[in-house]
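The values are calculated or read from the model by the stated rules, or taken from the named source; none is laboratory data. From a predicted model like this one, the values you see are computed outputs, not experimental measurements. Using ideal geometry, Cβ is built from the backbone for each residue, glycine included, and neighbour counts are taken over all protein chains shown. Areas reflect the complete protein model, heavy atoms only, side chains present, ligands, DNA and RNA absent. Shrake-Rupley method; radii C 1.70, N 1.55, O 1.52, S 1.80 Å.
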Amino acid sequence: MPLDGVVVADFSRVLAGPLACVNLADLGATVIKVERPGSGDDTRGWGPPWTAHSSSYFECANRSKQSVVLDLGDPDDLVLARELAQRADVLVENFRSGALQRRGLDYESVRVGNPGIVYCSVSGFGGDADLPGYDFLVQAMGGLMSVTGTDEPAKVGVALVDVLAAKDATIGILAALRAREQTGRGQRVEVNLLSSLLGSMANQASSYLTTGRAPQRMGNAHPSIAPYETLRCKDDVLALACGNDGQFRKLAEVLGAPELADDERFATNAERVRNRPELRAALERQLGTDTVAAWAARLTEVGVPAGAVGDLADGFKLAESLGLAPTVPVGDSPPQVRHPIGYSETPVARYTAPPRLGQHSDEIRRWLAEEKK
C-alpha cells in the first residue's frame with residue numbers, strides 16, 4: 001500500500017481529524033489512536049444507534065486503527081505520548097490552542113527531536129480563534145446555511161464541513177509527506193473548518209466575489225442553471241438536471257411540448273433562469289400527467305439527467321446495482337462504506353474493525369517503553 005510503514009499518531013477526536021486518519025489507514029498507514037481514560041473519543045457516547053462495542057458514529061470514523069489509552073495529565077503517560085510523537089511520521093490533533101503546548105506536544109516541541117514530523121492541526125476557525133469548532137456552528141457562521149433550505153436556513157443533513165476538512169487534511173498530509181521525500185524535513189499542516197467550507201462553496205463563492213452580493217436560499221433550484229431542481233409529477237417530485245440547451249430540447253420533446261424549446265423565454269439557459277417561475281409552471285403541467293418512475297425512464301433513455309429522490313437505502317442499492325460494491329465487512333462490527341477511490345495498482349484491501357477503547361494499550365505501551373531504552 002502507498003503508506004505502508006508510515007506511523008500516524010492520532011490525537012484527534014470527533015470527526016474531521018479521525019476521518020482524515022481513516023483515509024491514511026485505508027492507504028496502509030499504521031494509525032495509533034490516543035484516547036482518554038474512561039470515555040475515550042467523545043463520539044463513543046454519541047448514540048443511538050449503538051453497535052456491539054460502541055456507537056455507529058464512532059465506528060464510521062475509526063476503522064483500521066489501534067487504540068491506546070493515555071492520560072495526558074499523568075506524568076508517566078505523558079512521557080509515552082511524547083515518545084509516540086517522536087516515533088510518528090504524522091501527528092494529527094484538534095486540541096484547543098495552547099493545550100498541547102503546555103504538555104510539550106505542540107509542533108515546535110515535537111519537531112526538535114523529530115524534524116521529519118508532518119504535524120496536522122485541525123481547528124474550527126483557525127488556531128488562534130477562541131471559538132468552538134463544531135460543524136453546525138461553522139455551517140451557520142460560514143454561510144452554508146444561508147444558501148441551504150427554503151423558508152428558513154437549514155444545515156446539511158450530515159456534518160459536511162467536518163468531512164470536507166478531513167479530505168483537505170488528507171491532501172495536506174500527503175503533500176507534506178511528498179515534500180519530505182524531497183527535502184527530508186517535515187512541516188506543520190493547518191486545516192480549519194471555516195476555510196474548508198469557503199473553499200468548497202465553488203460557484204456560490206465566486207458569485208459573491210464577482211458581484212459583491214451574497215447568494216440566497218433557493219431550495220432545490222440552481223442559481224445559474226434551469227431547469228436544475230425538483231419538479232412535481234403525478235405522484236412525487238422528479239430531480240431534473242438540464243445542463244445545456246440540447247438537453248432542454250430533448251426534455252421538451254419527451255414531455256410532448258417541443259414548442260417550449262423554441263419559446264424565446266426558454267430557448268437559452270440564461271432566458272430560462274430569468275423566467276424560472278414560468279418555466280417551472282410549464283414543465284409541471286406536463287410532468288403532472290404521469291409518475292416519477294415513468295418520466296425518469298423516458299428522460300434517461302434520451303440522455304436527459306433525471307431521477308427519483310431516494311433515501312440512503314436507495315443510494316446503496318443504486319451503487320450495488322452499478323457494481324460499485326459500496327460496503328466492506330469489518331470483523332464483528334457492522335459493515336462500513338468502502339474507501340471511495342479506486343486504484344489500479346494498489347487497491348485498498350485491508351479493513352479492520354474500529355477498536356474497542358484501549359484494545360491495543362498493552363502492546364503499544366510495551367513498544368513505546370522499549371523505544372525509550
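Take the Cα radius of gyration of the chain and divide it by 2.2 N^0.38 Å, with N its residue count; two decimals is plenty. Present the calculation step by step, with values, prior to reporting the outcome.
Numbers: Rg = 24.9 Å, N = 373, 2.2 N^0.38 = 20.9 Å.
Dividing the Cα radius of gyration by 2.2 N^0.38 Å gives 1.19.
Classify region 124-277 as rounded, prolate or oblate, taking a ≥ b ≥ c as the square roots of the eigenvalues of its Cα gyration tensor: rounded when a/c is under 1.5, otherwise prolate if a/b is larger than b/c and oblate if not. Prolate, because a/c is 1.5 or more and a/b exceeds b/c. Against the main long axis of the alpha-carbon atoms of the chain, helix 361-372 sits at an angle near 60°. Working from Cα positions, state the angle (0 to 90°, nearest 10) between the long axis of helix 292-301 and the longest principal axis of the chain. The angle comes out near 90 degrees.
From the helices alone, meaning DSSP H stretches of at least four residues, give me the mean residue ellipticity at 222 nm for the chain, per-run term -39500 (n - 2.57), in deg cm²/dmol to the nearest 500. Walk me through the numbers on the way to the answer.
On the way: 14 runs with 146 residues, N = 373.
It comes out at -11500 deg cm²/dmol, rounded to the nearest 500.
Would you please calculate the Kirkwood hydrodynamic radius of region 152-223 over all C-alpha pairs and express it in Å, rounded to one decimal?
Numbers: mean 1/r = 0.0681 Å⁻¹.
Taking the inverse mean of 1/r over all distinct Cα pairs, region 152-223 comes out at 14.7 Å.
Length gained on full extension, Arg274 to Asp262, computed as 0.36 nm times the residue gap minus the Cα-Cα distance: 2.8 nm. Hydrodynamic estimate: the Kirkwood radius of region 237-364 over Cα pairs, inserted into Stokes-Einstein at 4 °C and 1.567 mPa s, corresponds to D of 70 µm²/s.
Filter the trypsin sites (Lys or Arg not before Pro) in region 132-238 to those in DSSP coil with at most 14 other Cβ atoms within 10 Å of their Cβ, and list the result. Intermediate values should be presented prior to the final figure.
On the way: sites: Lys155, Lys167, Arg178, Arg180, Arg185, Arg188, Arg213, Arg217, Arg232, Lys234; in loops: Lys155, Arg185, Arg213, Arg217, Lys234.
Listed in order of number, the matching sites are Arg185, Arg213, Lys234.
Here is the list for region 245-274: GluC sites (Glu not before Pro) lying in DSSP coil, each with at most 12 other C-beta atoms within 10 angstrom of its C-beta, are Glu264.
In region 1-143, carbon and sulfur make up what percent of the accessible area (probe 1.4 Å)? Provide the component values of the computation, followed by the final result.
Working: 2890 of 5560 Å².
Answer for region 1-143: carbon and sulfur cover 52 percent of the accessible area.
Can you grab the distance from the C-alpha centre of region 169-233 to the C-alpha centre of region 317-358, Å, no decimals? Centre-to-centre (Cα) distance: 26 Å.
For the chain, the longest principal axis of the Cα atoms and the long axis of helix 312-321 meet at an angle of about 90 degrees. Here the gap between Asp71 and Ile225, fully extended at 0.36 nm per residue and compared with their Cα-Cα distance, gives a gain of 50.0 nm. If you take the beta carbon distance between Met1 and Tyr134 as r and set R0 to 30 Å, what does 1/(1 + (r/R0)^6) give as a FRET efficiency, to the nearest 0.05? The value I calculate is 0.35. Dipole orientation for the chain: of the candidates Thr30, Gln187, Ser56, Gln187 has the Cα lying most toward the positive pole (charges on Cβ; Lys, Arg +1; Asp, Glu -1). For region 320-357, the set of trypsin sites (Lys or Arg not before Pro) satisfying both a DSSP loop assignment and a count of at most 14 other C-beta atoms within 10 Å is given as Arg350, Arg356. For region 138-245, the relative contact order is 25 percent, taking Cα pairs closer than 8 Å that sit 6 or more residues apart in sequence and dividing their mean separation by the residue count. At q = 0.20 Å⁻¹, what base-10 log of I(q)/I(0) does the Debye formula yield for region 41-176 when every alpha carbon is treated as an equal point scatterer in vacuo? Log10 of I(q)/I(0), two decimals: -1.39.
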